[in-house]
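Just so it is clear, none of the values below were taken in a lab; they were calculated from the coordinates. Please read all numbers here as calculations on a predicted model, not as lab measurements. Using ideal geometry, Cβ is built from the backbone for each residue, glycine included, and neighbour counts are taken over all protein chains shown.
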Amino acid sequence: MPDVRPQDRRPVPFRGGGFRPHPLPWAGPAVFLVLLAVWEGAARAGLVSPLVLPAPSAAAAALWSLVESGRLWLHLSASLQRLVIGWTLGTAAGIGLGLCIGLFSLARAGLGPVVAALFPIPKIALLPLFIIWFGIGEGSKVATLFFGALFPTIIATAGGVDSVDRTLIRMGQSFGLPWRDVVLKIVLPGALPAILSGARISASIAIILLVAAEMIGAEYGVGAYILLAGNMMATDQLIAGVALLSVMGLTVAFLIGRAERWLLRWRG
Amino acid sequence: MNLSIEGVSHVYGRTTALDDITLTVESGRVLCLIGPSGCGKSTLLRLIGGLERPSAGSVLQEGAPPPGCLNPLTYVFQDFALLPWRTVAGNVALALEHHRLGRAERAEIIADVLARTKLADFRDAFPRQLSGGMKQRVAIARALAVRPAVMLMDEPLSALDGQTRELLMDDLVSLWERERFTAVYVTHNLAEAVRLGHTIVVLSRRPGRVHATLTIDRPLADRQPGDADLEQHVAHLWDLMRAEAEAADREVLDA
């Protein structure tokens, strides 16, 4: 081996690294607080008119007066009741129909095109029809949410059934498992990850539909509260209502995340 | 219980996968099926266990399965086929839950097979926590739990690395020495075939036909890797298969 002069020996240049996000828990709250502070500061300095964009403190005060008057619970309970009933029924029916489409050729061939045709319709467009069918009260709103949650759930469930590993199903059959056991112990748990990600989507669709339906015709509900505030130019109340929706959405996402963690704990 | 495979042919669409296969699987012996890839060995195994219907011919069970047998024809799959959402004990339980067994009896069977496959310490682990070799041990425990008359093993060691394969092969030999189970063992690994097979059936390339049958008399327990006569058998089998394997390798798949 020929002699190498020491000055010709150099370290290999490092070219890796990056492309690996790491958690920075302080960054999110910090940005949030800075945004609020800038907003509050701009409002206090008179840079924006309180009528156009009230200060966060004003919105907080509006929220507090809503709590004190007891009307918060009135609006929130009306909204939550519609959301829970409509979404739960829609999801349950969607899982049932999705399983049928995933398991039976006739259901797949027969219902597949119907689902494909009805899925893209924004369900809020059907609210006038639902009002004629189910009345102006709770029925029409729950029906809107029901159909809003139904179709994404059907599609997610049928896709989940399709993606279940066929060798697991053959394994079940090879041990003589009855059909019902193959469905309950192999197909359904195998489709569960897809069903849960469908639930995330259907829950956010349901919240959108909830607010829209409440804005079209409701006495109580967060959507009705926001609409009323807008009509009265009470932008502080309007912002308070919107913040309420954000909290509602975050809570739903948190609950589904918890359900996912518990139901899919085998994935580690 | 013997199995008799009589004139079995199988056709997928326009391709003939198997052509007129006649074989006997004798009780208490291991029959190895080898052949080039795509020769229909796995198809034949699915036909034997009733997961598919042959296009022609029949697979017959001769005699009654032994008493206490819950699932006469029981598979061990290449990719283990464990349910990822069940623990080791839960995966074994899956094969038992639909049988009329008392809770205590079921627990007893599970504890017994896990002990026999040295898995007792892992009963509450999930499949993702186990190595490939351990997963296949779970699948073997699950197969033993239903007291099969014939084990149908579809390349059970092919998904494992070389060292794990050696360990598991030793385990299978000692298991056979204790239980004298009957098995049809599909593999493309000639060394596995001569270590584990009493009879070795060589299938030809598509359409799969019985190309040759070889009987090895030496007891399984006396066979060691590197034994001169086993090496000779491997060389002989490779001679039989080489041309076919080469042709199979160059074949364009029409999927």
Problem - Full-extension gain in nm, A:Asp165 to A:His22, via 0.36 nm per residue minus C-alpha separation - result: 48.2 nm
Completion exercise
Sorted by chain and number, the residues with a modelled amide H under 5 Å from that of B:Cys32, at a separation of 5 or more or across chains, are B:Tyr185, B:His198, B:Thr199, B:Ile200, B:Val201
Exercise for the section: Just tell me which aspartates and glutamates come within less than 14 Å, Cα to Cα, of A:Lys185; anything on the same chain fewer than 8 places away is out. Expected result: A:Asp165, B:Glu97
Completion exercise
In the neighbourhood of A:Val187 defined by beta carbon distances under 11 Å, the net charge of the other residues (Lys, Arg +1; Asp, Glu -1) is 0
Exercise for the section: Quote the charge dipole size of the protein assembly as shown about the Cα centre in Debye, to the nearest 20; the model charges only the Cβ of Lys and Arg (+1) and of Asp and Glu (-1). Expected result: 1160 debye
Exercise for the section: Sort A:Trp26, A:Trp39 so the one with the fewest other Cβ atoms within 10 Å of its own Cβ comes first. Expected result: A:Trp26, A:Trp39
Problem - Cα coordinate range in region B:84-148, projected on the principal axes (Å, largest first) - result: 32, 22, 20
Fill in the blank from the handout: Long-range amide H partners of B:Leu70, meaning residues 5 or more apart or on another chain whose placed amide H is closer than 5 Å, are B:Arg147
Handout entry: Residues whose placed amide H lies under 5 Å from that of B:Ala212, excluding near-sequence neighbours
Key = B:Val202
Handout entry: Nitroxide proxy distance, nm - points 7 Å out along Cα→Cβ at B:Asn2 and B:Asp171
Key = 3.3 nm
Handout entry: From phi via Karplus (6.51, -1.76, 1.60), per-residue ³J(HN,Hα) for region A:6-16 in Hz, x at Gly/Pro
Key = x, 6, 8, 8, 9, x, 5, x, 7, 10, x
Fill in the blank from the handout: Here the Kirkwood hydrodynamic radius of chain B, Cα-based and in Å, equals 18.9 Å
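Estimate the FRET efficiency between A:Phe254 and A:Phe14 by the formula 1/(1 + (r/R0)^6), using the beta-carbon distance for r and 41 Å for R0, to the nearest 0.05.
0.50
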Fill in the blank from the handout: The ³J(HN,Hα) series, computed from each phi in region B:63-74 with the Karplus coefficients 6.51, -1.76 and 1.60 at θ = phi - 60°, rounded to the nearest Hz and given as x for glycine or proline, is x, 8, x, x, x, x, 6, 9, 8, x, 10, 10
Completion exercise
Note on the protein assembly as shown, DSSP bridge orientation, antiparallel percent to nearest 5 equals 50 percent
Practice task
Starting with the fewest neighbours, write out B:Ser27, A:Ser77, B:Ser204 ranked by other beta-carbon atoms found within 10 Å of each beta-carbon.
Solution key: A:Ser77, B:Ser27, B:Ser204
Completion exercise
Descending packing, highest mean Cβ count within 10 Å first, for A:81-90, A:44-53 is A:81-90, A:44-53
Practice task
For B:Lys118, list the lysines whose Cα falls under 20 Å from its own Cα; do not include residues on the same chain fewer than 8 positions away.
Solution key: B:Lys135
Problem - Integer Hz, Karplus 6.51/-1.76/1.60 couplings in order for region B:18-29, x for Gly and Pro - result: 9, 10, 6, 8, 10, 8, 10, 9, 8, 4, x, 10
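Kirkwood hydrodynamic radius (Cα pairs, Å) of chain A? List each step's numbers first, then the result.
Working: mean 1/r = 0.0444 Å⁻¹.
That comes to 22.5 Å for chain A.
So what is the calculated 222 nm ellipticity per residue for the protein assembly as shown, using -39500 (n - 2.57) for each DSSP H run with n of 4 or more, over all residues, to the nearest 500 deg cm²/dmol?
-18000 deg cm²/dmol
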Practice task
Give the range of the longest stretch in chain B that excludes all trypsin sites (Lys or Arg not before Pro) found in loop regions by DSSP and having at most 11 other beta-carbon atoms within 10 Å.
Solution key: B:15-99
Problem - Rel. contact order, % - alpha carbon contacts under 8 angstrom, at least six apart, chain B - result: 29 percent
Handout entry: Charge dipole of the protein assembly as shown about the Cα centre (unit charges at C-beta), most positive-ward option of B:Pro72, B:Ser9, A:Ile121
Key = A:Ile121
Exercise for the section: Starting from the Cα of A:Lys123, draw a straight line to each of the lysines and keep only those under 24 Å, dropping any in the same chain fewer than 8 residues away. Expected result: A:Lys141
Problem - Inter-label distance, nm, simple model (7 Å from Cα along the C-beta direction), B:His236/B:Asp20 - result: 2.6 nm
Practice task
Taking the Cα centre of chain B as origin, sum charge times position over the Cβ atoms of Lys and Arg (+1) and Asp and Glu (-1), and report the length of that vector in debye to the nearest 20.
Solution key: 820 debye
Practice task
At 18 Å minimum axial length over the Cα atoms and a Kyte-Doolittle cut of -1.0, report the qualifying DSSP H helices in chain A, or say none.
Solution key: A:27-44, A:56-69, A:71-103, A:105-118, A:138-162, A:188-216, A:235-263
Practice task
Evaluate peptide A:165-174: per residue, the Cβ atoms of other protein chains within 10 Å of its Cβ; return the mean as an integer.
Solution key: 6
Fill in the blank from the handout: Answer in debye to the nearest 20: the dipole magnitude of region B:84-148 about its Cα centre, from +1 Lys/Arg and -1 Asp/Glu charges placed on Cβ, is 160 debye
Handout entry: Estimated FRET transfer efficiency (A:Val48, A:Asp181; beta-carbon r; R0 60 Å; 0.05)
Key = 0.40
Exercise for the section: Give me the Debye-computed log₁₀ of I(q)/I(0) at q = 0.09 Å⁻¹ for the protein assembly as shown, equal point scatterers on Cα only, no solvent, two decimals. Expected result: -0.84
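How would B:Val138, A:Val161 line up from fewest to most surrounding beta-carbon atoms within 10 angstrom?
Ordered from fewest to most neighbouring Cβ atoms within 10 Å, B:Val138, A:Val161 come out as A:Val161, B:Val138.
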Problem - Per-residue average of Cβ from other chains inside 10 Å of A:261-267 - result: 3
Handout entry: R0 of 56 Å, Cβ-Cβ distance B:Glu108-A:Val247: FRET efficiency to nearest 0.05
Key = 0.60
